[in-house]
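Below: the structure, in structure tokens.
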Amino acid sequence: MKKIKAHTLRAFTIAFILLLVAIGYVTKFGLGNLSGAGIDVVSLLCPLGALSTMLAAKLVIPRAVIALVLSIILILVFGRAFCAWVCPTPLIQRWFPGRSAKAKELKIEAADMVKEAEGVESLSTAENGVKTSCATCSESLGAGKKKWKPDSRHAILGGSLLSAAVFGFPVFCLICPIGLTLATILLVMRLFAFGETTWTLLLFPAILILELVVFRKWCKKICPLGALISLCSGLNRTFRPSIDDSKCLSSSKGIACKVCNKACNEDIDIRRPESSERSLTECTKCRDCADACPVGAISFPLLPPHNDKK
Amino acid sequence: MLGLGSLTFIESKELCRPPGGQDEDRFVALCLHCERCREICPKTALSPAHLEDGLLNMRSPKMDFRQGWCDYCTENHDGVPQCVKVCPTEALKLPEGAMPETVIIGKAEIKKEWCLGWLLMGCQECVRACPYEALEVDEYKRPVVIEDKCNGCGACEYVCVSLEKGSYISGATDRAITVHPIERS
């Protein structure tokens with residue numbers, strides 16, 4: 001049986017969450033949306049929204065603080081999984097051209113690597129040196145000791161929070177692609193339910209498309225919510241990608257296979273974390289690397305394997 | 001981001017907010033647009049504000065007295081407004097000891113040219129609907145709002161037959177009695 005690809009699974013998860021929100025919109029439970037969801041007095045808030053509102057109002061809101069703590073716990077357990085499995089933005093971006101070409105390229109490259117590996121097997125063990133040096137780098141994988149580097153997203157995060165504090169309203173919410181997506185869904189529903197027409201129905205998708213077309217790398221370069229999550233996700237230890245060195249073409253056969261690195265939407269080189277452009281902190285647990293790996297050496301175990309050093 | 005923030009200086013239309021959202025500055029600062037108040041309202045009296053209501057008001061909840069009116073949840077929830085209860089950021093928060101009579105969502109206004117009562121057709125729907133005796137009829141049986149008693153619950157606007165139920169008044173674009181937000185000082 002063909003295994004379901006992670007990106008299909010992600011699309012289903014996101015669609016399911018959007019469906020829940022849509023059901024919430026027409027039912028009387030007050031489920032809310034991704035800005036703030038919950039039942040009765042219990043709620044989970046967008047951490048960026050919770051911070052912005054408290055800064056904007058210069059108040060400490062107990063329920064918002066509880067929601068913030070809850071988000072931090074979730075981030076500690078799941079890291080940046082929100083970005084791949086809940087946020088609708090990457091799903092929308094997938095509709096824009098350019099994605100499928102990359103997937104095809106990867107598939108070809110993965111096949112090439114397997115072929116090369118078959119060749120290597122019959123060759124001498126001259127490349128053993130490379131092998132061992134690679135085995136050592138895998139040790140640092142679990143640790144992710146690479147220093148955290150602030151990037152443009154963090155600057156925008158700072159700007160949004162500062163702006164919220166100065167101008168007294170959660171500024172980023174105005175242009176947040178998640179909010180705009182959910183609002184557009186609501187407006188379409190209301191258009192059909194009540195015949196409610198408004199220019200907002202054109203404005204929101206327009207801003208959304210503008211953002212995601214002009215800033216193709218929204219998630220990597222702009223998104224302050226992702227930046228906020230990445231501030232805590234460095235401490236995440238569960239569900240981290242783990243490489244089975246005995247299977248990995250790079251560590252077991254010394255082949256310069258970089259398929260996992262190329263598959264990674266966040267530009268993380270999980271094979272060589274010390275030279276990776278971005279650290280494992282940014283991993284969204286999207287599982288694209290596990291899918292792309294020609295030998296299936298990558299898994300996302302609940303707990304890091306024992307042989308991984310702290 | 002700071003540029004976006006300055007959008008706050010563009011004037012936004014004043015809106016009738018749900019109970020507990022009467023301090024507009026506080027409300028705008030705290031509302032996260034999570035839609036929970038709108039969803040939970042037992043009388044479906046809330047709808048999302050649009051671009052037409054002002055750039056910064058987009059997606060925030062406003063009273064929609066065409067869909068429902070606000071009984072402060074006295075009917076089914078012992079007077080605990082559900083919108084206030086679920087609001088996760090306290091953007092909707094009632095002052096201590098708040099009563100329906102003291103939480104002023106807005107004030108009702110009658111557009112005399114559109115009102116069947118004022119056209120001497122004897123309509124008194126709004127007077128009958130008002131739970132706070134804030135509407136009376138004058139000597140010609142025309143409805144009159146008693147400002148001091150009106151808290152803007154919207155029951156009058158909800159039942160007003162102008163433009164509804166087969167009623168047509170030339171030139172009318174809205175109900176004859178509508179609730180307006182009180183002017184911000």
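The values are calculated or read from the model by the stated rules, or taken from the named source; none is laboratory data. If you're wondering where the values come from, they're calculated on a predicted model, not measured in any experiment. Note that we place each Cβ from the backbone using ideal geometry, even for glycine, and neighbour counts take in every protein chain shown.
Before moving on, here are some points about what is shown:
- For the stretch B:146-168, a residue qualifies if it is over 15 Å from the mean Cα position of the chain (by Cα) and β-branched (V, I, T), and the qualifying residues are B:I146, B:V161.
- Those residues of the stretch A:178-219 which are within 19 Å of the chain's Cα centre (by Cα) and either under 20 Å from B:E39 (Cβ atoms) or modelled with pLDDT of 95 or more (or both), in sequence order: A:I178, A:G179, A:L180, A:T181, A:L182
- The residue of the stretch A:64-99 that is surrounded by the fewest Cβ atoms within 10 Å (Cβ to Cβ), among those that are farther than 30 Å from B:E90 by Cβ and of a type in the set (A, V, I, L, M), is A:L91.
- The conditions of being touching a residue at least 40 places away in the same chain (Cβ under 8 Å) and under 22 Å from A:L45 (Cβ atoms) are met by A:G226.
- Applying the condition of being away from every other protein chain (no Cβ under 14 Å) and surrounded by fewer than 16 Cβ atoms within 10 Å (Cβ to Cβ) to the stretch B:77-103 and asking which residue is farthest from A:P47 (Cα to Cα) yields B:E101.
- Residue selected from the stretch B:3-19 under the condition buried (at least 23 other Cβ atoms within 10 Å of the Cβ) and more than 13 Å from chain A (Cβ to nearest Cβ), by the criterion farthest from the chain's Cα centre (by Cα): B:P19
- Residue within the stretch B:160-170 that is over 14 Å from B:L116 (Cβ atoms) and either among the hydroxyl-bearing types (S, T, Y) or surrounded by fewer than 14 Cβ atoms within 10 Å (Cβ to Cβ) (or both) present: no
- Any chance A:A117 is at pLDDT 80 or above, of a type in the set (G, A, S) and buried (at least 16 other Cβ atoms within 10 Å of the Cβ): no
- Total residues in the stretch B:36-65, condition within 8 Å of chain A (Cβ to nearest Cβ), part of a loop (DSSP other than H, G, I, E, B) and either basic (K, R) or without any contact (Cβ under 8 Å) to a residue 24 or more places away in the chain (or both): 3
- Residue match in the stretch B:108-125 (condition: surrounded by fewer than 19 Cβ atoms within 10 Å (Cβ to Cβ), under 22 Å from B:V80 (Cβ atoms) and in contact (Cβ under 8 Å) with a residue 60 or more places away in the chain): no
- Filtered residues of the stretch A:181-204 (kept if within 9 Å of chain B (Cβ to nearest Cβ) and in contact (Cβ under 8 Å) with a residue 24 or more places away in the chain): A:L182, A:L186, A:F204
- Qualifying helices (runs of 4 or more DSSP H) (wholly inside the stretch A:1-115; at least 3 residues being within 29 Å of B:C87 (Cβ to Cβ) and within 14 Å of chain B (Cβ to nearest Cβ)): A:6-26, A:47-57, A:62-78
- For the stretch A:251-274, residues that are touching an Asp or Glu at 6+ places or on another chain (Cβ under 7 Å), touching a residue at least 24 places away in the same chain (Cβ under 8 Å) and outside any helix (DSSP H, G or I) total 6.
- Flag if A:K285 is on the phi > 0 side of the Ramachandran plot and not hydroxyl-bearing (S, T, Y): yes
- Residues of the stretch B:96-123 that turn out to be under 20 Å from the mean Cα position of the chain (by Cα) and over 20 Å from B:P81 (Cα atoms), as a count: 7
- Residue tally, condition more than 7 Å from chain A (Cβ to nearest Cβ) and either buried (at least 19 other Cβ atoms within 10 Å of the Cβ) or more than 18 Å from the chain's Cα centre (by Cα) (or both), over the stretch B:20-35: 5
- Per this entry, A:I75 is not counted among residues that are out of contact with any Cys (no Cβ under 8 Å at 6 or more places or on another chain) and either at positive phi or among the aliphatic types (A, V, I, L, M) (or both).
- B:T74 within 9 Å of chain A (Cβ to nearest Cβ), among the β-branched types (V, I, T), closer than 27 Å to B:Y132 by Cα and surrounded by fewer than 23 Cβ atoms within 10 Å (Cβ to Cβ): no
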